[in-house]
Every structure is written in C-alpha cells, then in structure tokens.
1. Applying the selection to the stretch 91-126, what residues are part of a loop (DSSP other than H, G, I, E, B), in contact (Cβ under 8 Å) with a residue 40 or more places away in the chain, within 15 Å of residue 148 (Cβ to Cβ) and under 21 Å from the mean Cα position of the chain (by Cα)?
2. Condition first: free of Cβ contacts under 8 Å to residues at least 24 places away in the same chain and assigned to a strand (DSSP E or B). Now tell me which residues in the stretch 151-168 satisfy that.
3. Out of all the residues in the stretch 37-52, which are surrounded by fewer than 14 Cβ atoms within 10 Å (Cβ to Cβ) and either in contact with a strand residue (DSSP E or B) (Cβ under 6 Å, 6 or more places away or on another chain) or over 19 Å from residue 89 (Cα atoms) (or both)?
4. Restricting attention to the stretch 205-222, and to residues there that are surrounded by 12 or more Cβ atoms within 10 Å (Cβ to Cβ) and closer than 14 Å to residue 262 by Cα, which single residue is modelled with the lowest pLDDT?
5. Determine if the stretch 158-177 includes at least one residue that is modelled with pLDDT of 95 or more, more than 18 Å from residue 214 (Cβ to Cβ) and either crowded, with 16+ Cβ neighbours inside 10 Å or in contact with a strand residue (DSSP E or B) (Cβ under 8 Å, 6 or more places away or on another chain) (or both).
6. Please go through the stretch 243-256 and give me each residue that is under 21 Å from residue 343 (Cα atoms) and in a loop (DSSP other than H, G, I, E, B), ordered by number.
7. Could you list, in sequence order, all residues of the stretch 253-265 that are surrounded by fewer than 19 Cβ atoms within 10 Å (Cβ to Cβ) and either under 15 Å from residue 188 (Cβ atoms) or touching a helix residue (DSSP H, G or I) at 6+ places or on another chain (Cβ under 8 Å) (or both)?
C-alpha cells in the first residue's frame, strides 16, 4: 500500500509540475522582432523572412520557432487553429504566386525544382515510385513519370504519363531541375538506392513535347557508383539554383570522404570532370552555380586577427578564377546561414566590432557582380527594456527568400 501511495504522490507531483510549467509558458509574452535596416537598399529584403529559434527566459524547455519579417514576428506554434498552424510561411513563395495565377494547374504540385517556366509555358515534371518491397534482387518496381504543360496563351494543359520499371532497391526518385532544349523538356533526376547502402544515381529524362516520346539516360560519372552495395554511401548534389535555366548542370559527388565535381551539358548529356587545378581545396566549398559561374565560400578561422570570409567565382567559359568578395568584418564561425537570389548573396553572421562581436543577428546582402555590400540589417527586439537579452536569445538559422 505504501508503495502505491509513493507512486501516486510522484505522479501527482509530475502532473502539477508540468502543468505549472505550461501555464507559465503560455502566460509569457514572447518578444516581437523586426528586420530593421542599418544601411543599404531596403527593396532587397522586401517579401523575405528570417527563421530562427527563441529561447524563452528561465526555462530549459522553452524553445520557440520564430519567423521574422520587416513587419514583425510570427510564432507559428502559438497559433490556435489547425488552418493557421498549417500556414507556417510568413512570405509569399514562387509556388504561392503560381497558385494564385494558375490555381487549377497547380493542384498537387509542390516541388519547385520540378518546374520550368518561360513566357509561353509553365511545365511540371514529377516522378513517383511504388513503395512495395521485394526480397528478390532481380525484381523491379513500378515508377510513374508525370509531365504537365500549361500553355499560357491558350490556357490549356497537356498531360504526358509513362510507367517505368526501376531497380527493386530504389526508395525515392527526386526531380532536381528542368530545362527546355528546342521542344524537349530535359530534367535532372536523382534515384536513391537504399536497400544495402545509400547511393544517389543521377539520370537525365528527356520529354519530346511534340511526339510525347520519353527517354531516360543514366549518367555514368567516372569513379562514381550507379547502384548500392552493402555499406556503400554516395551523395550527389546539384549546385544549380532552382529555376536557373542554364546550359550546364554542376554536380558534386561525395563518396568515401572524397568529393568530385562534374559539368553536364544539358543539351547533349556530355559529362566533363571539373578538376579546379591549383584550387583543389575549393571543391569542398561549392555554394552555388548560377549562369556560367560557380561560387565557392571560404570561411576564415575565427580569431582576433582572422575574421571574415571570401567568395571566389569560377567562370565555366573562360576557365578563370576571380575573388568576387572578400570580407574581414563578419564572423561566420558560429553560424553559416546563406541563400542565393540570382547574383545576390544573402548571409547571416556576427559583426566584428573592434575587440568584440556584435552578437545580434545581422543580415547582409552582397552583389556578387560588384562585390559591394548593398544591404545590412538586424533582427531587433521592439521591447526596449529587455532588448539586449531578447536579441541574445534569438538564433537565426534560415533565410526565406520566397523562392521555394
């Protein structure tokens, strides 16, 4: 009997303690932040948001997700209704804009990388794979390729469907980028082999919009695997920005703690290794490929005399390197949060203020063509009395430019 009484007391104590915490947490007024300009062109941050985590005061449990814009802060977990909680993005994305313009066409379409758009058409390529498993290594799975093409002028949609058999250990298929070459939609897709190891296999899909003929071309990357053996791991990344209608795709392949890069001609599928002769260390620092250039980030080691970062570009046509940007005032040692929007780099970091850092969350926008800093802003708490403490308790970890 005594044992049961002790257990009951412990249960009651736990319930009361947890209940008290949630009541106190719910009563706490969360601070309001605004993205405030320090200098530069405010138009560069119109319609963007900074995502982060706010650590509530006097609580080891109180981490709140926060979305910060120039208008204020939204805490999505604090919203009451289901419909509100599902709407977690405070900015309009490219997908939102298309849904407003082409509501019927956009139903069920959500992967930005699967879209191609020009003034005449909006096209979407999607690929799904049957989840059914088999112990037979010779068995195949069914996969379905779906292509939808909206003619903007006539406001009608062309649908193309095809069933394709894939290896039994294919767990997922992702469309990474879509281009238009003559009258062919050309898509880069990744097939993930996951039965024995994890190997990403890149393929090119070509869809003739006139004849509706579909072909798929496995990409044979020198030194890379096309299927998974026991314990294998191979990760492939496409460095090209979403919706970047480039003639070249830049692929990086990570395998056995080594990384290689390849240039793939969209029109022909021809593969060329990228050696970066004399600049081999740049291979681990590829940030993005846009247009005819690849951008690399070199982060300085944090220290009193060594603060900052460098952006180096490599021109695929001239084969020349250029130090596009060199900054010695921003410390990225604790936080590297960045994104690209065409020729602009958006990056969050701490600012070197002489012998100390400004530990607030600062957003910088650099023009990668000129190397100039064109915007500097910070997430400022509007609660003047607790401003320094509030800002120290906010950690930004994602920049939402409304592209995805």
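1. Hit for the stretch 91-126 is 111, nothing else.
2. First, the residues of the stretch 151-168 that are free of Cβ contacts under 8 Å to residues at least 24 places away in the same chain: 154-156, 159, 161, 163.
156, 159, 161, 163 - these are the residues of the stretch 151-168 that are free of Cβ contacts under 8 Å to residues at least 24 places away in the same chain and assigned to a strand (DSSP E or B).
3. From the stretch 37-52, those surrounded by fewer than 14 Cβ atoms within 10 Å (Cβ to Cβ) are 38-39, 41-43, 46; that's our starting set.
If the condition is that a residue be surrounded by fewer than 14 Cβ atoms within 10 Å (Cβ to Cβ) and either in contact with a strand residue (DSSP E or B) (Cβ under 6 Å, 6 or more places away or on another chain) or over 19 Å from residue 89 (Cα atoms) (or both), then 38, 39, 41, 42, 43 are the ones that fit.
4. Per the criteria, the residue is 221.
5. No, the stretch 158-177 contains no residue that is modelled with pLDDT of 95 or more, more than 18 Å from residue 214 (Cβ to Cβ) and either crowded, with 16+ Cβ neighbours inside 10 Å or in contact with a strand residue (DSSP E or B) (Cβ under 8 Å, 6 or more places away or on another chain) (or both).
6. Passing the criteria: 243, 244, 245, 246, 247.
7. Quick first cut of the stretch 253-265, residues surrounded by fewer than 19 Cβ atoms within 10 Å (Cβ to Cβ) only: 254-260, 263, 265.
Matches in the stretch 253-265: 259, 260, 263, 265.
Yes or no, residue by residue, for (1) more than 25 Å from the chain's Cα centre (by Cα); (2) at pLDDT 90 or above; (3) buried (at least 16 other Cβ atoms within 10 Å of the Cβ):
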| position | (1), (2), (3) |
| --- | --- |
| 342 | no, no, no |
| 346 | no, yes, yes |
| 353 | yes, no, no |
| 360 | no, no, yes |
| 369 | no, no, no |
| 386 | yes, no, no |
| 390 | yes, no, yes |
| 393 | no, no, yes |
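The values are calculated or read from the model by the stated rules, or taken from the named source; none is laboratory data. If you're wondering where the values come from, they're calculated on a predicted model, not measured in any experiment. All Cβ positions, even for glycine, are placed from backbone atoms using ideal geometry, and neighbour counts span all protein chains on display.
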